[in-house]
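Novice: Here it is: the structure, laid out below.
The values are calculated or read from the model by the stated rules, or taken from the named source; none is laboratory data. Bear in mind the structure is a predicted one, so any value in this text is a computation, not a measurement. Heads up, the Cβs are rebuilt from the backbone with ideal geometry, glycines too, and the neighbour counts pull from every protein chain shown. Accessible surface areas use protein heavy atoms only, side chains included; no ligands, DNA or RNA. Shrake-Rupley method; radii C 1.70, N 1.55, O 1.52, S 1.80 Å.
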Amino acid sequence: MASRPPPRFVVRPLDAAGRRRRVLWLAAAWLISLLLVALIVGATVRRTTPAAKEQRQLKALTKENDDLKQQVANLQRANQVGDIATRSLRQTLAEREEEISGLRADLGFYSRLTGGDAQREGLKVQEVRLQPVANSQAWNITISLTQNAKRGEDVTGTATISVEGLRGDKVVRLDWAALGDAAQSGGMPFRFKYFQQLHGTIVLPADFRPTRLLIQGQPAGDEAVSRTVTWSDALSGHLTPTQGEQDAQP
């Protein structure tokens, strides 16, 4: 039997479902590619639009402004530190000046006691200090009296105070009788060989503005001595022997 030649065409059943899947995959890939292209184009357009440029400039300016604010804050802190250091230095200098003033007063005091003062004999009003009494018109006053140590004998007597100032537009002088304690109307008594501090309280009228103090010491059997001190010097707490006027009274 003669053999047949192989058939030229093969008939196969149509796979409709597989074809649809391939079509759907191709369509999905095409849509995804379109979406990617749209995103890339959109981003490129946004970066090149005037609004995007303005946004970038705004960010740059904001950063620069923040940097400048930080620099200003740093300079302010440095200035504050400098101010604190300056105030501390001024305070230290003021304290040193006050200490030097006190040492000068002490030097004059001891110089007086040991005979180093030019005025070698007799009673002397060495120092006057004032301190206000809170919530009142009263003032506590401390007077230091000295005499030359070479005298070697007690000195006794009384000390009185007068205050000069302004009352309205007139210069007024308030004597001890108008200022002191009635129990010490004759003055504050003293008795010492080398030095003594007297303590008293004076009361000023409310409408009176004091300008200076006049202190008078009257030793028994001897000439009176006096010293005039400005009110501000007495408030400062330290007087050198050359501050104020000191005279012997005939």
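Novice: Looking only at segment 199-220, filter to residues that are open to solvent by less than 60 Å² (accessible area, probe 1.4 Å) and part of a loop (DSSP other than H, G, I, E, B); which one of those is farthest from residue 123 (Cα to Cα)?
Specialist: Selected residue: 205.
Novice: Of the residues in segment 185-198, how many are within 16 Å of residue 161 (Cβ to Cβ), open to solvent by less than 40 Å² (accessible area, probe 1.4 Å) and in contact (Cβ under 8 Å) with a residue 40 or more places away in the chain?
Specialist: 3
Novice: For segment 138-162, how many residues are in a loop (DSSP other than H, G, I, E, B) and modelled with pLDDT of 90 or more?
Specialist: Residues flagged as in a loop (DSSP other than H, G, I, E, B) and modelled with pLDDT of 90 or more within segment 138-162 amount to 0.
Novice: While we're looking at this one, here's another question. Mind listing whichever residues of segment 163-198 are among the hydrophobic types (A, V, I, L, M, F, W, C), more than 23 Å from residue 209 (Cα to Cα) and in a strand (DSSP E or B)?
Specialist: Selection gives 188, 190, 192, 195, 198.
Novice: Residues in segment 9-27: is at least one farther than 30 Å from residue 144 by Cα, at pLDDT 80 or above and of a type in the set (Val, Ile, Thr)?
Specialist: No, segment 9-27 has no match at all.
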